[in-house]
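Colleague: If you scroll down you'll find the structure; I have some questions about it.
We did not get these values from a lab; they are worked out from the coordinates using the rules stated. These numbers were taken from a predicted model, which means no experiment stands behind them.
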């Protein structure tokens, strides 16, 4: 997903440097942004579910300490960290695409102020 986002961002930045059909670029950008927003929502829900399981396991481990529960908590904690990093990168990438959408709108004459 991260590679896809970066590839799309490079494409839009290159298209903004050339005189292309900006209306078509805007439609394409909005469609891709919609896909990425859906992906971001799914990853947010998964990250929250893993975090909730990690917290529940940690709480259970504090109340009923055992090696098995501690191991489960450690595994969930190890799984949670990559999810948080991935979601952080995905969120920042989508934010960059919002700025590119604003630049497309500028090229179309829809808005005059930049928000970057």
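Colleague: In degrees between 0 and 90, to the nearest 10, how far off the longest principal axis of the chain does helix 67-108 point, with axes built from Cα atoms?
Modeller: 10 degrees
Colleague: Nearest 10 degrees, 0 to 90: what angle lies between the long axis of helix 22-63 and the longest principal axis of the chain (Cα atoms)?
Modeller: 10 degrees
Colleague: Now for a different question. Helix 2-17: angle to the longest alpha-carbon principal axis of the chain, degrees 0 to 90, nearest 10?
Modeller: That works out to roughly 20 degrees.
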